[in-house]
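Asker: Sharing a structure below in structure tokens format, with a few things to ask.
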Amino acid sequence: MRAIIIGVGQCGTKIADLFSLVDFEAIAVNTSRGDLDYLRHIPAERRILIGESLTGGKGVNANPVLGREAMKRDLPLVMRKVSSMVGYEDVDIFFLTFGFGGGTGAGGTPVLAAALKEEYPEALVVAVGALPLKEEGIRPTINAAITIDKLSKVADSIIAIDNNKLKESDEDIARAYEKINYTIVERIGSLLALIDIPGEQTLDASDLKFVLKAFGSFATVGYAKARADQIRSLSRLIERSFESEGLYLEARVESALYGLVAIHGPPEVLKAKEIFEALDELTGRIKGKQIFRGFYPDSRTREVEVVTLLSGIYESKSIEEIILTAKDYARSFMKAKAEAEEKKRELLTGLPDFDDLYPGAEVNE
């Protein structure tokens with residue numbers, strides 16, 4: 001199957017750059033020339049600066065209104081570049097990588113998603129976004145909540161990665177962010193690598209597209225990996241991929257409508273009984289009861305890798321906290337704004353005009 005990665009904004013272009021490192025077709029779109037120059041793997045001709053007339057190439061300072069306007073102004077430029085990459089071959093999925101809390105990504109990604117849906121109706125548009133840390137403050141949280149709302153109306157699925165997982169790491173902040181980005185690429189890349197290749201039970205592009213065409217709801221990619229000689233229970237390894245330790249989103253697995261599980265490893269380790277035991281557990285848990293399965297015995301590897309995709313998720317603690325926090329703030333802010341405007345009216349009502357105080361004054365023209 002064919003997937004094209006389009007990174008939008010600082011966070012999104014860094015993730016897209018890592019996809020390019022592992023040979024995915026990728027484009028970088030940003031309002032900051034410096035951030036585009038920082039990229040290492042996406043070729044210069046696939047880096048697109050938007051909104052230069054608005055920002056002078058210096059970014060939008062986490063302002064999604066400017067990010068949206070920048071994308072609208074230069075959307076024809078972006079779509080021409082996409083068209084030149086697509087060529088005469090079909091594209092199965094566009095993955096749009098971005099940060100929910102920023103400006104260019106939050107503001108521009110919904111605009112681009114809508115344009116891609118219109119131009120390429122047979123392809124899926126899947127948003128892959130990093131949720132902001134709680135400690136980043138209210139502005140990224142509001143940006144995230146509004147962007148979630150907008151994307152839910154145009155994207156086929158939203159794969160949300162919770163950056164709060166950073167706090168579980170003892171590494172320095174730069175390496176922690178980098179680890180999150182690598183995690184996104186590893187999980188999606190590993191899943192795509194197993195689509196349409198021979199196996200005992202093969203997942204094809206239509207299976208993946210069915211699972212991801214989930215009405216603008218949320219999806220999450222779980223992952224578990226271990227050396228074959230260290231696995232005591234294959235069932236437990238598979239289960240880890242769709243439990244909290246394997247997911248990068250606090251989501252209620254039981255609310256998922258669809259699932260897809262790909263298992264790759266040495267033939268002697270992939271025991272049927274243990275595999276079906278774990279998959280029966282997952283099937284019994286999710287609301288939709290539909291699990292697509294792919295089994296890939298491979299004598300060349302000494303590791304077992306499990307990738308789990310769950311979609312149609314409507315219950316997520318990570319998402320709900322962002323939405324409720326943004327709603328509470330919006331209510332209190334709008335109330336404070338209305339009170340301030342009323343105070344201003346009360347204070348200034350009754351003041352005369354200059355003409356009332358200086359009668360007879362004439363202005364010669």
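The values are calculated or read from the model by the stated rules, or taken from the named source; none is laboratory data. In this text the structure is predicted, and so the values were computed from the model without any measurement. Using ideal geometry, Cβ is built from the backbone for each residue, glycine included, and neighbour counts are taken over all protein chains shown. Side chains included, ligands, DNA and RNA excluded: accessible areas come from the protein's heavy atoms. Shrake-Rupley method; radii C 1.70, N 1.55, O 1.52, S 1.80 Å.
Asker: What tally of residues in segment 287-297 results from selecting those that are open to solvent by less than 50 Å² (accessible area, probe 1.4 Å) and more than 20 Å from residue 195 (Cβ to Cβ)?
Answerer: Count: 1.
Asker: Please give the number of the condition residue 28 fails out of (1) in contact (Cβ under 8 Å) with a residue 24 or more places away in the chain; (2) buried (at least 19 other Cβ atoms within 10 Å of the Cβ); (3) touching a Leu at 6+ places or on another chain (Cβ under 9 Å); (4) not hydroxyl-bearing (Ser, Thr, Tyr).
Answerer: (1)
Asker: Determine whether segment 262-281 contains at least one residue that is assigned to a strand (DSSP E or B) and of a type in the set (A, V, I, L, M, F, W, C).
Answerer: Yes, that holds for at least one residue.
Asker: Turning to a different aspect of this structure: Is one or more of the residues making up segment 54-74 closer than 30 Å to residue 211 by Cβ, open to solvent by 70 Å² or more (accessible area, probe 1.4 Å) and within 19 Å of the chain's Cα centre (by Cα)?
Answerer: yes
Asker: Would you mind stating whether residue 37 is assigned to a loop (DSSP other than H, G, I, E, B), open to solvent by 60 Å² or more (accessible area, probe 1.4 Å) and out of contact with any strand residue (DSSP E or B) (no Cβ under 7 Å at 6 or more places or on another chain)?
Answerer: no
Asker: Within segment 152-197, track down each residue that is of a type in the set (S, T, N, Q) and under 25 Å from residue 304 (Cα atoms).
Answerer: 169, 181, 183, 190
Asker: Tell me, please, whether a residue that is under 30 Å from residue 232 (Cβ atoms), of a type outside the set (A, V, I, L, M), surrounded by fewer than 20 Cβ atoms within 10 Å (Cβ to Cβ) and under 27 Å from the mean Cα position of the chain (by Cα) can be found in segment 268-286. Outline the logic, then answer.
Answerer: Let us first name the residues in segment 268-286 that are under 30 Å from residue 232 (Cβ atoms), namely 268-286.
Checking which are of a type outside the set (A, V, I, L, M) leaves us with 268, 271, 273-274, 276-277, 280-281, 283-285.
When the remaining residues are screened for being surrounded by fewer than 20 Cβ atoms within 10 Å (Cβ to Cβ), the result is 268, 271, 273-274, 276-277, 280-281, 283-285.
The next check asks that each one be under 27 Å from the mean Cα position of the chain (by Cα); those that pass are 283, 285.
Checked against the condition, which is being under 30 Å from residue 232 (Cβ atoms), of a type outside the set (A, V, I, L, M), surrounded by fewer than 20 Cβ atoms within 10 Å (Cβ to Cβ) and under 27 Å from the mean Cα position of the chain (by Cα), segment 268-286 yields at least one hit.
Asker: Another question, if that's okay. Which numbered condition trips up residue 303, out of (1) touching a residue at least 60 places away in the same chain (Cβ under 8 Å); (2) out of contact with any strand residue (DSSP E or B) (no Cβ under 6 Å at 6 or more places or on another chain)?
Answerer: (2)
Asker: Of all residues in segment 82-101, which are buried (at least 17 other Cβ atoms within 10 Å of the Cβ) and over 20 Å from the mean Cα position of the chain (by Cα)?
Answerer: 86, the sole residue that qualifies.
Asker: List pairs: first residue in segment 1-22 and within 16 Å of residue 125 (Cβ to Cβ), second residue among the basic types (Lys, Arg) and outside any strand (DSSP E or B) anywhere in the structure, Cβ distance under 8 angstrom, at least six positions apart or on different chains.
Answerer: Going by the 8 Å Cβ cut-off, the qualifying pairs are 7/14.
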